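Any read-out appearing in this document is the output of simple, stated calculations on the displayed coordinates, not a laboratory observation. Model, not experiment: these values are computed from the prediction. Cβ placement follows ideal geometry from the backbone for every residue including glycine, while neighbour counts extend to all protein chains displayed.
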Amino acid sequence: MLSKRLSGIEESATIKMGHIAKKLQDEGNEVLNFSLGEPDFKTPEHICEAAKRALDLGYTHYVSSAGIEELREEIADKIREENKVDASMENVIVTPGAKQAIYELMMSVLDEGDEVILLDPAWVTFESAVKIAGGVPKWVKRLEEGLKYESLESEVSEKTKMIMINSPNNPVGYVLSDNELKETAKFAVEHDLLVLSDEIYEKIIYGRRHVSIASFDDMQARTVIINGFSKTYAMTGWRIGYAVAPAEIMKGMLKIQQHSVTCAPSIAQFAALTALKSSQDCVEEMVGQFKRRRDIIVKRLNEVGLRCLNPEGAFYAFVNTSNHGSDVEFTERLLKEAYIVVTPGSAFGPAGKDYVRFSFAASIEHILEGMERIEKMFS
């Protein structure tokens with residue numbers, strides 16, 4: 001009954017683990033959930049108030065499929081000032097979540113059999129989005145040793161259409177260095193490739209600076225920036241994202257949006273406008289708390305005997321479990337013996353098979369309790 005395009009597409013591992021955690025909690029178990037990539041903070045009050053005002057003013061109907069002009073203009077301003085990319089309102093589409101923007105891009109530019117290079121490990125949806133659009137994922141390892149130009153060259157072919165990057169990265173938390181970005185840009189230009197640059201975690205960064213690959217010479221015309229409000233402003237449930245793309249690609253994405261979801265939620269767009277235009281103190285406060293949590297969870301994971309990479313951005317700890325079985329075995333053991341839910345690393349690509357992902361978008365108390373349970377499990 002199902003279409004061929006869904007063969008080989010697995011359900012989202014992160015959402016699946018979240019459902020398992022919820023089921024166990026509903027059964028009365030004291031579960032600690034480290035699986036979902038969702039800030040545990042409330043959406044800042046001034047953003048919520050903006051949504052209430054929009055309701056009171058009657059902004060409850062369809063809006064332009066590309067998004068309300070005020071928000072698109074504000075996003076374009078932000079991209080010009082912060083990301084050093086010469087974007088205009090016409091380059092911006094507002095979508096119901098950044099994930100929708102990724103799917104619209106894939107459906108707009110990929111033909112059957114087109115190859116897309118993914119940096120291994122990568123967010124679970126990247127591979128699925130490529131496959132659903134008829135593309136073929138090609139993995140290039142970028143874990144601890146960094147991204148090598150030679151590795152990119154080894155995977156390119158006449159069928160290669162795009163490379164997807166995500167910095168700061170989910171699940172590892174690395175930030176691509178200036179040299180890695182420069183080499184990737186050189187590679188894209190030499191082989192005439194499109195670049196999807198997922199910058200959803202650009203504000204959640206520790207001691208590094210975010211640089212958009214679209215700001216490099218000759219890159220704006222071949223780069224699509226994906227971003228949104230879910231992570232930066234704790235607005236996951238508002239479903240509000242955006243893409244910044246060259247004009248031709250924007251036309252394709254807009255067609256798909258018009259014939260699918262029509263437009264992003266009107267109320268959420270007015271809330272997002274306020275988020276961008278208002279003080280960013282709330283963002284700095286959240287990032288400060290994420291950094292404190294990062295320092296604690298990395299220290300404790302290493303103390304209990306799990307080697308943990310130190311994330312430079314996002315809110316994930318990618319933990320090597322090779323001394324304790326495969327990623328799936330360790331995930332199952334944590335669940336059965338400690339009632340801790342994490343995501344197996346193999347869900348993020350071949351390089352993740354010896355890792356699990358802990359999200360530290362959780363309270364310090366939650367983190368400390370989890371580490372105590374793991375210590376007891378090992379004793």
Restricted to segment 59-277, the DSSP antiparallel beta bridge percent, nearest 5, is 30
FRET efficiency, residue 73 to residue 303 (Cβ-Cβ, R0 41 Å, nearest 0.05): 0.25
From the Cα centre of segment 221-280 to that of segment 314-379, the distance in Å is 32
Counting only DSSP beta bridges with both residues in the chain, tell me the antiparallel percent, nearest 5. 45
Length gained, residue 189-residue 145, 0.36 nm per residue minus C-alpha separation, equals 13.5 nm
What residues of segment 65-82 lie in the reach of a label at residue 255, counting those whose backbone N is under 19 Å from a point 7 Å from the Cα along Cα→Cβ? 65-67
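Report the full-extension gain for the segment residue 280 to residue 310: residue separation times 0.36 nm, less the Cα-Cα distance, to one decimal in nm.
My answer for the length gained is 8.2 nm.
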Scattering profile of segment 59-277 from the Debye formula, Cα beads only, expressed as log10 I(q)/I(0) at q = 0.12, 0.14 Å⁻¹, is -0.58, -0.81
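Grab the Cα-Cα distance for residue 10 and residue 26, subtract it from 0.36 nm times how many residues apart they are, and report the gain in nm with one decimal.
So the extension gain works out to 3.3 nm.
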Under a cut-off of 28 Å between alpha-carbon atoms, report the lysines in cross-link reach of residue 336, not counting same-chain residues fewer than 8 places apart. 16, 22, 23, 299, 353, 376
Determine which residues of segment 247-280 fall in the zone a paramagnetic label at residue 221 would reach in this model, i.e. backbone nitrogen under 20 Å from the point 7 Å along Cα→Cβ. 247-253
Would you give the gap between the C-alpha center of segment 122-147 and the C-alpha center of segment 155-196, rounded to a whole Å? 11
Semi-axes a, b, c in Å (a largest) for the chain, each sqrt of 5 times a Cα gyration tensor eigenvalue, come to 32, 26, 20
Could you bin all the Cα-Cα distances of segment 236-294 into 10 Å bins starting at 0 and give me the percent of pairs in each, rounded to whole numbers? 18, 34, 30, 17, 2
When N counts the residues of segment 107-162, how does its alpha-carbon radius of gyration compare numerically with 2.2 N^0.38 Å, as a ratio? 1.12
Membrane-span-like helices in the chain: DSSP H runs reaching 27 Å or more (Cα, own axis), mean Kyte hydropathy at least -1.0? 281-303
Report the label-to-label distance for residue 248 and residue 53 in nanometres (one decimal), using points 7 Å from each Cα along the Cα→Cβ vector. 4.2
Listing 215, 260, 35, 230 from the residue with the fewest other Cβ atoms within 10 Å to the one with the most, what is the order? 260, 215, 230, 35
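Sorting 64, 157 on the 10 Å Cβ count, fewest up front, what's the list?
Values: 64 17, 157 9.
Exposure proxy ranking, most exposed first: 157, 64.
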Of 172, 189, 342, 109, how do they rank once you tally other Cβ atoms within 10 Å and put the fewest first? 189, 109, 342, 172
